[in-house]
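The values are calculated or read from the model by the stated rules, or taken from the named source; none is laboratory data. Keep in mind that what you see is a predicted model, and the values were worked out from it rather than measured. So basically every Cβ, Gly included, is an ideal-geometry build from the backbone, and we count neighbours across all protein chains shown.
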Amino acid sequence: MSVADPLTGTYAMPCPTHGTTRVRLSAFRALEELAGASHPAVFRVTFACVCGDEHQALVSHDDLDWTLLGLRSTTSFVNLMTARADPLADELRSLVVARIERGEWPWSFFCRLEERPRPVTPSAFRLIATADRSVAVAVRCPVCTSLSINLVSTAHVDVPFAHDRAVAVVPHVFEADALRTVTAFAELLATSAFDERRLDLEAA
């Protein structure tokens, strides 16, 4: 199983060449929830490795969605105010909760069917591809279950709470199984036009 590191924003993944490599979310190419396990669910992830090939790994639902936020970190840090070693998870949890209470969410996307931004977690991602120094993400809406394609910055995918103010959206709603492979997804991106949409969750 992969393990996420909230301090580097990376996942430890197996590589036949290097043994273990660390990749960011934007290096993921396909995510598929496996049948059977449910507490937590398990996802098969295809990712682009630094060795130049694509590999597969298993990632738990919790690790995919929450570990990257540091909520389960076992790391400590020296609190300069008290000169004591405090759990990093406690510090990060307070920051995450405060931002969510203000109406922010770690990740968001624009749902084409509903014509509005929606908060999501990485387990809603289905396919990811690089496109003109940006990242195209096919996202399954957690509310209406439709599939929308957003073109965003790398930071929008990799860094929790680092939202683009506006994203590009393919002006079409896709069936859940319409794009089964990264290759088909990349081919679609080469032929699709994009509309600009704002990602203001509080105003939505």
Count of residues meeting criterion [at pLDDT 90 or above and either in contact with a His (Cβ under 7 Å, 6 or more places away or on another chain) or of a type in the set (D, E, K, R) (or both)] in the range 116-150:
5
Could you tell me how many of the residues in the range 14-41 are closer than 17 Å to Arg140 by Cα and surrounded by fewer than 19 Cβ atoms within 10 Å (Cβ to Cβ)?
4
Confirm whether Thr10 is among the polar types (S, T, N, Q), more than 22 Å from Arg140 (Cβ to Cβ), surrounded by fewer than 19 Cβ atoms within 10 Å (Cβ to Cβ) and modelled with pLDDT under 95.
no
Is the range 53-71 home to any residue that is in contact with an Asp or Glu (Cβ under 6 Å, 6 or more places away or on another chain) and closer than 19 Å to Asp158 by Cα?
no
Spans of strands (runs of 3 or more DSSP E) in the range 81-147 with at least 1 residues of a type in the set (Asp, Glu)
84-87
Condition first: out of contact with any strand residue (DSSP E or B) (no Cβ under 9 Å at 6 or more places or on another chain) and either at negative phi or in a helix (DSSP H, G or I) (or both). Now tell me which residues in the range 11-63 satisfy that.
Thr17, His18, Ala35, Ser38, His39, Asp62
Might you check whether a residue that is surrounded by fewer than 14 Cβ atoms within 10 Å (Cβ to Cβ), basic (Lys, Arg) and within 19 Å of Ala30 (Cα to Cα) occurs anywhere in the range 125-140?
yes
With respect to the numbered conditions (1) surrounded by 13 or more Cβ atoms within 10 Å (Cβ to Cβ); (2) out of contact with any Phe, Trp or Tyr (no Cβ under 7 Å at 6 or more places or on another chain); (3) under 21 Å from Thr183 (Cβ atoms), which one is the sole condition not fulfilled by Asp53?
(1)
